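The values are calculated or read from the model by the stated rules, or taken from the named source; none is laboratory data. Not measured: the values here are computed from a predicted model. Heads up, the Cβs are rebuilt from the backbone with ideal geometry, glycines too, and the neighbour counts pull from every protein chain shown. These accessible areas exclude ligands, DNA and RNA; they are computed on the full protein's heavy atoms, side chains included. Shrake-Rupley method; radii C 1.70, N 1.55, O 1.52, S 1.80 Å.
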Amino acid sequence: MNTENKGYPNFPARPAPASSPFASAPPPGIPPQSGGPPTGSDAVGFRPFPPSASQPIRPFAPSGPPPAPGAMRPSQPSPFVSQIPGSRPPPPSTAYGPPPPPPGAAPFQRFPSPPFPTTQNPPPQGPPQTLAGHFSPPMSLRPQQPMGPPPQSMISGLPGANTSPSPADFNMAARPGFQQSMPPVTQSYPGVGGSQPSFPGYPSKQVSQPPPMPFQSSQGPPVSSYPPHTGGFAQRPNIAAQQNLHPNYAPPTSNVQGLVEDFNSLSLASIPGSMEPGLDHRSFPRPLDGDVEPNSFAEMYPMNCHSRYLRLTTSAIPNSQSLASRWHLPLGAVVCPLAETPEGEEVPLIDFGSTGIIRCRRCRTYVNPYVTFTDSGRKWRCNICSMLNDVPGEYFSHLDANGRRMDMDQRPELTKGSVEIIAPTEYMVRPPMPPIYFFLIDVSISATKSGMLEVVAQTIKSCLDNLPGYPRTQIGFITYDSTLHFYNMKSSLSQPQMMVVTDLDDIFLPLPDDLLVNLSESRTVVEAFLDSLPMMFQDNVNVESAFGPALRAAFMVMNQLGGKLLIFQNSLPSLGAGRLKLRGDDPRVYGTDKEYALRVAEDPFYKQMAADCTKFQIGINVYAFSDKYTDIASLGTLAKYTGGQVYYYPGFQSSVHGDKLRHELARDLTRETAWEAVMRIRCGKGIRFSSYHGNFMLRSTDLIALPAVDCDKAYAMQLSLEETLLTTQTVYFQVALLYTASCGERRIRVHTSIAPVVADLGEMYRQADTGSIVSLYARLAIEKSLSAKLDDARNAIQQKIVKALKEYRNLHAVQHRLGSRLIYPETLKFLPLYGMAIIKSIPLRGGPADASLDERCAAGFTMMALPVKKLLKLLYPNLFRVDEWLLKPSADHDDLNNVLKRLPLAAESLDSRGLYIYDDGFRLVLWFGRMLSPDIAKNLLGDDFAAELSRVTFQEQGNGMSKKLMSLVKKLRENDPSYHPMCFLVRQGEQPREGFLLLRNLIEDQMGGSSGYVDWILQIQRQIQQN
């Protein structure tokens, strides 16, 4: 068998990385194998020859003679071209390289094929996206692969090209009367010698192909059952007949009109290209428009609650357990019950008054837009359990001819997916609690020296007017070092009284009734205390921290009413209950089975205290400041199980971090908070939520206890099917959050949503929501890192993505020749990139040298609570170039999205003549290129423009350019007020600062042993193709 194809490009193999499972090309001098079918390790159809000295060949360059004028130039498929499904040609042969001809036969004979004009074959529904043959093993080991379509511009430019031809059907163009100038070629080179489009109006000839595969039904992944290729003529399978015989044939097709429309709605990313099959990573999908919420169902079901409150991982629920098991991605939802509404939109408030809340007698579902009224309006049927309920007399309304209530438009609960219901007294175990803020503040030497104490005292004082719940709000303080300090703030005092307790083993409360006071009554005493607090401890030299005893004391003060406990901790707890050892970050433990123990609480005291606090409605937020190890893994447990969050300021200095602390503490104190809350999610018959992920305590199998909850918290959960087969057409979900509002009302926030039940896996993929899937994956990976090695958590993410894309490939492998392309649904085009971003995120990245233990744990607690949009921005942050924009005159009210274009997170996006902003929602990095114009630098930084930027403070200079940049930074911060991103300045080449602040966060590049985007996709594709 001659391995050289005359007139076709010779491609040198891409050198395989050391870790690649694929063999590298043979050393020069080894002759190609011939004679007999290849077997074993030698089963390789094509080995590249080393380029000869006389004819240097650059990688991926065509080296043969140019094609004759009559033949069409082969064009390289774009890495993410939408594959247009046509008929079902046979999939690639399982052997690599061209099959050998039978003994005595001519090498490859060509037989005329019956004409199949492309216009007769409309493409079926649900075209998969493809990553072209770029993602393939080295040349010598690639599976056979057909040619991709020519550029869209070429097709549309041809006369009569009004239908979209299928790349699966493209063959070498042969005009009548023209002699083909190239010999027939097997598909042994990806992207070369495969099928090509015929010119419109001319029948196409088929290159000899393996016979078609016997028909497979869609009930399982297709199994290859090809006889060996004999060079004979392959008859095209009759797809239409097969579909009539087998209604379950996958993927499903509808009428021709629907197919054409479905296909045309997808964008084709064809790049008019050269013949070079280089890896064009610039065309890989990137979420440069941010999180795109799914809206197909919002249009179909306008009465659903908005996706900011409830996002399903797929809006098509599988109808059977077997279908769910083939989905491989998480089946579930992300719920953010109190998400902020855009200005002008309010969740309607409903008071049922004496009627009482209308609920189903059996399953306790609240009345919602999907219930139906029957019996002339006297009864209503529950949409979740189908129970018929009586309509109370006060709620009765006649029905119109369509069965709708006459008063439907006056009843928001029957037209809106999200409502807020005022709860009567039977929904209260006790009178609604007032908003309570209790502060537990470390006053040891490090807290005073860093300036933390002063910033905290000033910020609390500045927020007193804006604390929710005036005039019912209550407030109290305890400070501690090696002793506990209580403060009597009775309104009759002019100055607070300080009482010191030194016995840490047997805590008691001096004056238990005056430690928590009504803010409006004791306002002057509270302000006097906050003014004097930094002065009281400015000379303190105590280094100890009796944190555990102080926490117990705060619990004793608060357990009558509950409330929010804010902890400001500056060092490792060293005295009394809950004291912690300096476990540190022992590099020898990484990679062993003991590694995860560093990331969980060492002392059971913390989890027990969290459970007690949740029981008594106390929510805890932890503010940790230290440049030394503080054991965030243990302290964060308090926030995790009480529905709180962790704020971490490593190496806190008030001059540097003061603004960040001020804004975040003020946001924490003044945002609307739901107190003593419980949340339950009801769903239709046959499915249930089986696991919950986030910061909360599970009180029963499905009741989530949340002592304090706000708009910045989200919760993820996984669904499971209880019945083998779902018989309903749709499934309903209802989130109910029962809580006390700051104004003292007991309320129920209700979000209702509907999703169709499907029998088709392809539809589940078409309705997938990447944002929701990634949120669930991130939480699952972080949880896994608390019970296993980081490597295991990272591998689990990769394997889940591989399985999902492999299953999707199997859906389409029956109908299309996929070769070595990576195909994926349009809805999941960003999933591989976000999967890689999770693996490179702070909680999961690298080993002990890549992130400190405290930083890792703090980031994990934060990511567990983030809503979808904020999490996606943290995983794939914004990168803008701003120097060109600063030089242009522009109006103040310019929309940022129109002005600044997001760039891929790779070092090649950075130009040394530019100024860039990196924004992940938690920090802003201004990167000054080495060659940036000195005038721009001087305008922005003043006289310090040439100094080392770590010593320069970023502040407004007195010129227009500086004002413009400061207003941009302000806008970026206002876009998401939940965290206050600190601004860091760094100049190109300032190491290690540049690497730490920016370069290690450019996730598309290879970094510290982790794959870049290109290699990651290659790895995934390689694993998908392995059986």
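With 25 Å as the limit on Cα-Cα distance, the pairs of LYS416/LYS873; LYS416/LYS971; LYS870/LYS901; LYS713/LYS806; LYS628/LYS970; LYS607/LYS784 that go past it are LYS416/LYS873; LYS416/LYS971; LYS713/LYS806; LYS628/LYS970. Here the gap between THR425 and THR524, fully extended at 0.36 nm per residue and compared with their Cα-Cα distance, gives a gain of 32.1 nm. With protein chains left intact and a 1.4 Å probe, residues in the stretch 688-788 average 28 Å² of accessible area per residue. Cross-link partners for LYS379 among the aspartates and glutamates, with Cα-Cα distance under 18 Å and sequence neighbours closer than 8 places in the same chain left out: ASP390, GLU394, ASP400, ASP407, GLU413. At what distance in angstrom do the alpha carbon centres of the stretch 754-813 and the stretch 676-722 lie from each other? Cα centres, the stretch 754-813 to the stretch 676-722: 20 Å. Of the solvent-accessible surface of the stretch 353-456, computed with a 1.4 Å probe over protein heavy atoms with every protein chain present, carbon and sulfur atoms account for 51 percent. Near SER690, the amide H atoms lying under 5 Å from its own belong to GLN718, LEU719, SER720; only residues 5 or more places off or on other chains count, and H is placed 1.01 Å from N. Once the Cα-Cα distance is subtracted from the 0.36 nm per residue extended length, the ASP513 to LYS970 segment shows a gain of 160.1 nm.
Kindly report, to the nearest 10 Å², the accessible surface of VAL455 as traced by a 1.4 Å probe over protein heavy atoms only. Result for VAL455: roughly 0 Å² accessible. Listed by chain and number, the aspartates and glutamates whose C-alpha is less than 16 Å from the C-alpha of LYS789, apart from same-chain residues fewer than 8 away, are ASP585, ASP586, ASP593, GLU595, ASP850.
Taking only protein heavy atoms and a 1.4 Å probe, the accessible area of the stretch 666-792 is 48% carbon and sulfur. 3J(HN,Hα) along the stretch 697-712, derived from phi through the Karplus expression 6.51 cos²θ - 1.76 cosθ + 1.60 where θ = phi - 60°, amounts to 10, 8, 7, 9, 4, 9, 10, 9, 8, 9, x, 8, 9, 9, 6, 8 Hz, with x in place of Gly and Pro.
Between MET499 and GLU723, the FRET efficiency from the beta-carbon distance, with R0 = 56 Å, is close to 0.35.
The figure for MET966 is an accessible area of roughly 50 square angstrom, using a 1.4 Å probe on the protein chains alone.
Return the lysines within reach of LYS490: Cα separation strictly under 26 angstrom, same-chain partners fewer than 8 residues apart disregarded; answer none if there are no such residues. Filter leaves LYS461, LYS564. Couplings for the stretch 614-622, taken from phi via the Karplus curve 6.51 cos²θ - 1.76 cosθ + 1.60 with θ = phi - 60°, read 4, 4, 9, 6, 9, x, 10, 10, 10 Hz in order; Gly and Pro are left as x.
Protection proxy ranking, highest mean first, for peptides 660-666, 1009-1015: 660-666, 1009-1015, where packing is the per-residue count of other beta-carbon atoms within 10 Å, averaged.
The relative contact order of the stretch 514-645 comes to 27 percent, based on Cα pairs under 8 Å that sit 6 or more residues apart. Phi angles across the stretch 907-924 convert, under the Karplus curve 6.51 cos²θ - 1.76 cosθ + 1.60 with θ = phi - 60°, into 3J(HN,Hα) values of 4, 6, 6, 8, 9, 5, 9, x, 10, 10, 10, 10, 9, 10, x, 10, 7, 10 Hz, Gly and Pro given as x.
Taking trypsin sites (Lys or Arg not before Pro) across the stretch 437-518, the ones in a DSSP loop with at most 16 further Cβ atoms lying within 10 angstrom of their Cβ are LYS490.
Taking packing as the residue-averaged number of other Cβ atoms within 10 angstrom, the listed peptides 989-997, 554-562, 773-781 run from highest to lowest as 773-781, 554-562, 989-997.
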